[in-house]
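Read-outs throughout are calculated quantities, based only on the coordinates presented, and are distinct from any laboratory measurement. Since the model is a prediction, treat every value here as computed from it, not as a measurement. Please note: Cβ atoms are built from the backbone with ideal geometry, for glycine as well, and neighbour counts cover all protein chains shown.
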Amino acid sequence: MAPEEIGKLLVSEFGDDVVKMVVEGCHPYAEIAPQRWPDVATFLRDDSRLRMNLLRSISGLDLLADDKLACVYDLMTVCLDTPTVLIRETSEFAVRVTVDRNDPVMPTVSHVWPAADWHEREAYDMFGIVFTDHPDLRRILCPDDWEGYPLRKDYDFPLEYHGIPATTEFELTNPRH
């Protein structure tokens, strides 16, 4: 299904909860209100016209100028020929969910696509986005006692961690920020 058709279908089903639609360009997406995201996710997966059965990735975004954080969910429809496991049909679409940077909370969709579990943990670890009702929301890349969120644009890189000096460039022993 073409991105324009997906966009029209989402607007007809969810109205004003579709905050923004960008269907031109190489990465079409719909921005969805955070509180409705689990309902939209379930619709995208279960509706027979869409069948977005594969969550390919979740990318965190720091929209510092807008004082927002966001997650972009890249989705695909993949229909397989089961005897030969050949991909017969695919379509792609993305969903963006944007939240306030000072209260970055959005609902999990790990119950819709199990792959979201670790992807959401990464967005939590790197950006500080909290996913309500997530089954195991804890750091996945940084140590448990790490302070801050390394992929935020205003992140203050530590000069050391447990006595281990940190550098920001090769062989630079006195990093400047």
Of the stretch 36-74, those with amide N under 13 Å from the point 7 Å along the Cα→Cβ vector of Thr132 are 36-39
About its Cα centre, the chain carries a charge dipole, from +1 on Lys and Arg Cβ atoms and -1 on Asp and Glu Cβ atoms, whose size in debye to the nearest 20 is 340 debye
Between the Cα axis of helix 37-46 and the main Cα principal axis of the chain, the angle (0 to 90°, nearest 10) is 50 degrees
Cross-link reach from Lys153 to lysines, straight Cα distance under 21 Å and at least 8 residues apart if same chain, gives Lys68
Per the 1/(1 + (r/R0)^6) rule, R0 = 35 Å and r from the Cβ atoms of Asp144 and Val19, FRET efficiency to 0.05 is 0.50
Asp144 neighbourhood, Cβ < 14 Å, K/R = +1, D/E = -1, net charge -1
